[in-house]
1. Report every pair of residues separated by at least 6 positions or lying on different chains whose Cβ atoms are under 6 Å apart, first residue within region 66-89 and in contact (Cβ under 8 Å) with a residue 12 or more places away in the chain, second of a type in the set (S, T, N, Q) and part of a loop (DSSP other than H, G, I, E, B).
2. Please tell me if residue 86 is among the hydroxyl-bearing types (Ser, Thr, Tyr) and exposed (fewer than 12 other Cβ atoms within 10 Å of the Cβ).
3. Any residue in region 28-44 that is surrounded by 12 or more Cβ atoms within 10 Å (Cβ to Cβ), in contact (Cβ under 8 Å) with a residue 60 or more places away in the chain and farther than 30 Å from residue 130 by Cα?
4. What number goes with the only condition from (1) loosely packed, with under 10 Cβ neighbours inside 10 Å; (2) within 28 Å of residue 32 (Cα to Cα); (3) modelled with pLDDT of 85 or more that residue 144 does not pass?
5. Pick from 132, 79: which is under 21 Å from residue 29 (Cα atoms), among the hydrophobic types (A, V, I, L, M, F, W, C) and surrounded by 13 or more Cβ atoms within 10 Å (Cβ to Cβ)?
6. Just to be sure I understand, how many residues within region 108-126 are under 18 Å from residue 45 (Cβ atoms) and free of Cβ contacts under 8 Å to residues at least 40 places away in the same chain?
7. Take residue 64 and tell me if it is of a type outside the set (Gly, Ala, Ser), at pLDDT below 90, more than 30 Å from residue 22 (Cβ to Cβ) and over 17 Å from the mean Cα position of the chain (by Cα).
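The values are calculated or read from the model by the stated rules, or taken from the named source; none is laboratory data. Fair warning: this is a prediction, and the values are worked out from it, not measured in the lab. Every residue, glycine among them, receives a Cβ derived from its backbone with ideal geometry; neighbour counts consider all protein chains shown.
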Amino acid sequence: MTTTLLSSLKAIARPEIVKSPVLAKRMKLIERLEEQLAMVNAKLANQPFSFYREKTVTDPITGDKHIKQIPRKVRQWFFDDADHFYFEVRFAGKTFEVESGKPTIDVGALSNLPALIALLIQAVEKGELDMFLRSTDSSDSSDSSDSTEQINNLDSDTVQTSTKPKTSRKS
């Protein structure tokens with residue numbers, strides 16, 4: 001009996017690969033922190049900072065596609081007050097609170113920022129910000145509870161007049 005090369009392989013059903021959404025968010029946050037690090041390093045070197053993204057553009061005349069670099073605006077997560085710097089981690093429209101009610105990290109001098117950002121990158125890699133990343137899901141109802149609370153605080157007359165349905169009159 002002859003054996004074929006394919007019969008020597010072990011065949012199995014395709015396994016279902018489960019990707020964690022937190023891992024993708026970790027990678028995105030690390031990319032954003034690296035952008036901030038590049039921005040700080042450029043500021044320390046007194047050089048202008050610009051970030052580019054790549055876009056595929058089709059030439060309307062020839063139809064050829066080529067990659068074009070387009071500048072992208074990157075907001076600073078750090079700010080200063082009288083040459084004393086502060087840093088806030090932002091992701092998906094939310095600010096990370098280091099302690100409850102305290103989202104700002106006191107850095108001190110600008111030269112301390114690269115070490116802080118490197119420390120934050122290590123913390124993200126180890127998963128220390130995973131609870132924050134999970135809270136940034138679009139299915140999270142914390143934003144809707146804030147708006148519900150604002151609606152409840154409105155004057156009841158205002159709510160009644162704005163939500164009163166129109167009725168049609170019969171002649």
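1. Qualifying pairs under 6 Å: 71/50; 86/104; 88/104.
2. Judged against the criteria, residue 86 is not a match.
3. Yes, region 28-44 has at least one match.
4. (3)
5. 132
6. Qualifying residue count for the region: 4.
7. It is false that residue 64 is of a type outside the set (Gly, Ala, Ser), at pLDDT below 90, more than 30 Å from residue 22 (Cβ to Cβ) and over 17 Å from the mean Cα position of the chain (by Cα).
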